[in-house]
Amino acid sequence: MSILVNINGEYFDQKSAKISVFDRGFLSGDAVFEVIRTYGGKPFMLKEHLDRMKHSAEKISLSLPHSIARIGSLAKKCCQRAGNSESMIRVVVTRGEGPMTLNWDDAKEPNLIIIVVPLVPYPEHCYRDGVSLFIVGRRKIPSYSLDPGIKSNGYLLNILAQNEAKKLGGSEAILLNHRGEVAECTQSNLFAVIDGELLTPPLSAGILGGITRQVTLKISPRAGSPCRERIFYPEDLYGAQEVFITSTRRDIMPVAEIDGKRIGTGKPGKMTQQLMREFERFAQSQR
Ligand SMILES: Cc1ncc(COP(=O)(O)O)c(C=O)c1O
């Protein structure tokens with residue numbers, strides 16, 4: 001089990017990996033990132049993650065230091081070199097170093113940082129029993145202020161919301177958008193079975209287009225119900241038959257309770273369980 005860091009092509013161990021305090025990713029969150037997990041030691045949905053990173057970078061006029069293909073092959077190399085049975089790979093591109101201004105032209109050279117750590121799965125009971133979520137008071141920043149499709153290092157809202165939910169005994173926080181519609185969680189997307197139909201908020205609800213969400217949409221017909229993107233509200237969620245969340249680290253995770261209210265039977269529902277199996281099948285087929 002090892003942790004390995006690559007900074008601009010050079011390998012470091014956890015202790016010696018350092019970047020400048022003048023790096024704008026550190027100073028102002030002026031950076032984009034992706035988190036990728038492996039299945040069978042192979043990065044899962046690598047191209048999709050790196051494509052998303054490219055789009056994030058384009059949206060903030062940040063030039064990636066290399067092509068997506070080259071970053072991808074470096075990420076694979078780092079993963080092999082770390083030698084973990086399964087890894088989490090974090091790929092970060094910061095605007096680089098420069099004077100302490102907000103003018104992005106002041107930073108000339110982006111930094112590419114790849115961090116590989118052993119994958120620590122969530123406890124089995126989360127998948128067996130489902131987790132508890134809380135709808136927090138903080139709302140998503142409207143898309144017209146900050147495009148939610150930019151996966152940037154600025155995660156303060158998510159950190160605050162996540163810790164608010166944790167204080168209440170929850171495992172994730174649900175954020176509504178400025179219109180009061182259900183948007184997403186702090187590090188995951190949300191799905192619900194409402195009146196027998198599998199639904200997830202559309203991107204226009206102001207959410208990140210999760211890669212796991214993308215896979216779930218694709219495989220949903222195999223689980224008996226093609227998923228439809230539709231706006232819904234907290235009351236719809238309380239009355240849902242099933243709810244689950246999706247993310248790279250969690251895959252598909254059932255939800256047992258929201259705001260202390262039991263969802264459905266309070267146990268992972270049939271459609272959720274079938275999707276979990278289909279997701280596992282899909283992931284194994286990509287190895
Ligand atoms: C805000 C937010 N939404 C959704 C997700 C899930 O995305 P993915 O499935 O690509 O991990 C994440 C992942 O970190 C996230 O930060």
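We did not get these values from a lab; they are worked out from the coordinates using the rules stated. The shown structure was predicted, so the numbers you read here are calculated from the model rather than taken from an experiment. Please note: Cβ atoms are built from the backbone with ideal geometry, for glycine as well, and neighbour counts cover all protein chains shown.
Against the chain, whose longest principal axis is taken from its Cα atoms, helix 46-59 shows a tilt of about 70°. Here the chain is treated with +1 on each Lys and Arg Cβ and -1 on each Asp and Glu Cβ, and its dipole about the Cα centre works out to around 620 debye. Checking the Cα-Cα distances for K47/K261; K18/K76; K42/K270 against a 32 Å cut-off, the pairs over it are K47/K261. Packing around the peptides 156-163, 39-46, taken as the average count of other Cβ atoms within 10 Å per residue, puts them in this order, highest first: 39-46, 156-163.
What's the magnitude of the charge dipole for the range 215-287 around its Cα centre, counting Lys and Arg as +1 and Asp and Glu as -1 at the beta-carbon? Answer in Debye, nearest 20.
340 debye
Charged side chains reduced to their Cβ positions (Lys and Arg at +1, Asp and Glu at -1) give the range 124-285 a dipole of some 240 debye around its Cα centre. Cβ-Cβ distance of T101 and E197, R₀ of 45 Å, FRET efficiency by 1/(1 + (r/R0)^6): the value works out to about 0.35. State the answer as a single residue: which of I135, M276, G196 lies farthest towards the positive end of the charge dipole of the range 124-285, with beta carbon charges of +1 for Lys and Arg and -1 for Asp and Glu, about the Cα centre. Value computed over the given set: M276. Loop-located chymotrypsin sites (Phe, Trp or Tyr not before Pro) in the range 137-229 (DSSP state not H, G, I, E or B) with no more than 12 neighbouring Cβ atoms inside 10 Å: Y144. Relative to the longest principal axis of the Cα atoms of the chain, helix 156-167 runs at roughly 40 degrees.
Which of the three applies to the chain, rounded, prolate or oblate, going by the alpha-carbon gyration tensor with a ≥ b ≥ c and a/c under 1.5 meaning rounded? Taking the square roots of the gyration eigenvalues as a ≥ b ≥ c, the chain is prolate.
Put simply, when 172-181, 233-242 are sorted by average Cβ atoms within 10 angstrom per residue, most first, you get 172-181, 233-242. Each of G41, G25, P65 was placed along the dipole of the range 4-118 (beta-carbon charges, centred on the mean Cα), and the one lying farthest toward the positive end is G41. Extension gain for K76-R138 works out to 18.6 nm (0.36 nm per residue, less the C-alpha to C-alpha distance).
Note on the chain: GNM, Cα springs under 10 Å; of A17, A183, A223, the largest mean-square fluctuation is that of A17.
Applying 0.36 nm per residue to the separation of Q274 and E164 and subtracting their alpha-carbon distance, the gain on full extension is 36.5 nm. Mean residue ellipticity, 222 nm, helices only, the chain: the sum of -39500 (n - 2.57) across DSSP H runs of n ≥ 4, divided by residue count and rounded to 500, is -8500 deg cm²/dmol. For the chain, the longest principal axis of the Cα atoms and the long axis of helix 68-82 meet at an angle of about 90 degrees. Within the shell defined by Cβ-Cβ distances under 10 Å, the residues around S204 carry a net charge of -2, with Lys and Arg each +1 and Asp and Glu each -1.
Extension gain, D13 to T265, is 86.0 nm, computed as 0.36 nm per intervening residue step minus the present C-alpha separation. Computed from the C-beta positions of K42 and L156, the FRET efficiency with R₀ = 41 Å rounds to 0.80.
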